[in-house]
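Please read the structure below before turning to the comments.
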Amino acid sequence: MNYDLDFRYRRALQPDGLATIPTATQAVVDAMQDARNAGIDPARDPATILLARHLGRIALGHAPDETFTEDTPLRRQCIAKIDELKSKPALVALARRGIGYDPEAKRAFHREARSALRVAARHLGLDPNQYDLRSNFAGPAVSGEITLHGDEIYVQVSIPCIRPGREVMFRRCKGRQDYLGDRNHFCDIAVLAAPHSFRALVVRETGLSINPREQSLL
């Protein structure tokens with residue numbers, strides 16, 4: 001599966017947080033891997049090239065926030081890629097890539113998961129005041145959890161350390177103080193990214209009913 005993400009382009013445009021040779025080197029390594037995952041030759045990827053230039057300048061003693069006019073064409077390409085990727089959901093790509101020890105990717109994963117859960121809630125007939133949405137960032141080595149907790153449905157998103165394809169857990173519950181609920185069900189993150197499919201799965205597995213009037217509005 002090929003995919004692309006915008007945060008290496010964003011990191012390349014604002015690399016001032018990469019102030020040491022080890023951090024800048026790791027950013028280049030990560031960018032090269034992300035480019036390969038997207039089916040892009042790292043040698044032709046504007047983000048990777050910008051980050052490699054930044055690494056060289058850090059090694060030469062330049063300030064991390066110093067800008068150079070020769071980078072302008074590459075910066076424009078990065079901005080164009082960010083605009084192009086705005087319409088492409090990154091949640092599945094982030095889960096496939098993994099986000100351990102990458103705080104920028106982790107923030108993006110939580111942001112995308114919260115957005116996907118809001119969409120899922122709408123397709124399940126829930127108004128914003130009918131559920132809680134919370135994040136637990138947990139430690140640096142794990143993804144943490146993003147949880148939607150309604151009066152009858154509990155959905156949690158995370159990236160498991162083993163057994164991929166179980167990124168989404170959902171179950172029936174009895175109120176927003178019920179943290180145990182009924183039997184757990186699991187599905188791939190790609191199902192959550194397709195809200196009609198996710199709604200059908202939840203209804204089939206849990207027996208959750210959706211008000212006909214609300215369903216007609218979806």
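The values are calculated or read from the model by the stated rules, or taken from the named source; none is laboratory data. Given the structure is predicted, the values throughout are model-derived calculations rather than measurements. Cβ coordinates were reconstructed from backbone atoms using ideal geometry, including for glycine residues, and neighbour counts include every protein chain displayed. Each accessible area value is taken on the protein alone, full model and side chains, heavy atoms only, with ligands, DNA and RNA left out. Shrake-Rupley method; radii C 1.70, N 1.55, O 1.52, S 1.80 Å.
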In whole Å, what are the extents of segment 25-70 along the principal axes defined by its C-alpha atoms, from largest to smallest? 32, 22, 13
Per 0.36 nm of contour for each residue apart, how much would the distance between Lys174 and Asp132 grow if the chain were fully extended, relative to their Cα-Cα spacing? 13.7 nm
Computed over the Cα atoms, what is the radius of gyration of segment 5-125 divided by 2.2 N^0.38 Å, N being its residue count? 1.15
In order over segment 143-153: 3J(HN,Hα) from phi, Karplus 6.51/-1.76/1.60, θ = phi - 60°, whole Hz, x for each Gly or Pro, gives 7, x, 10, 10, 10, 9, 10, x, 6, 10, 9
Quotient of C-alpha Rg and 2.2 N^0.38 Å, computed over the chain: 1.19
Reachable lysines, given that their alpha-carbon falls under 23 Å from the alpha-carbon of Lys106 and they are not under 8 places away in the same chain: Lys81, Lys86, Lys88
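Would you mind telling me the share, in percent, of accessible area of segment 96-218 contributed by carbon and sulfur at probe 1.4 angstrom?
Carbon with sulfur: 51 percent of the solvent-accessible area.
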May I ask you to order 43-53, 118-128 by the average number of other C-beta atoms within 10 Å around their residues, highest value first? 43-53, 118-128
What are the ³J(HN,Hα) values, in whole Hz, obtained from phi via the Karplus relation 6.51 cos²θ - 1.76 cosθ + 1.60 with θ = phi - 60°, for each residue of segment 186-197 in sequence order, with x given for Gly and Pro? 10, 8, 6, 4, 5, 5, 4, 6, 10, x, 5, 5
Per the charge dipole of segment 1-84 (beta-carbon charges, Lys/Arg positive, Asp/Glu negative, Cα centre), the residue among Ala38, Pro15, Leu60 reaching farthest to the positive end is Leu60
Hey, what's the Cα Rg ratio for segment 149-218 versus the globular rule of thumb, 2.2 N^0.38 Å? 1.13
Express in whole angstrom the spacing between the alpha-carbon centres of segment 144-218 and segment 1-53. 34 Å
Between Asp182 and Arg96, the two model label points (7 Å from Cα along the beta-carbon direction) sit apart by a distance in nm of 3.3 nm
Tell me which aspartates and glutamates have Cα within less than 18 Å of Lys174's Cα, excluding those fewer than 8 residues away on the same chain? Asp127, Asp132, Asp151, Glu152, Asp182, Glu205
Can you give the accessible area per residue of the chain, in Å², using a 1.4 Å probe? 54 Å²
Would you please report the Å³ per residue occupied by the convex hull of the alpha carbon atoms in segment 93-218? 101 Å³
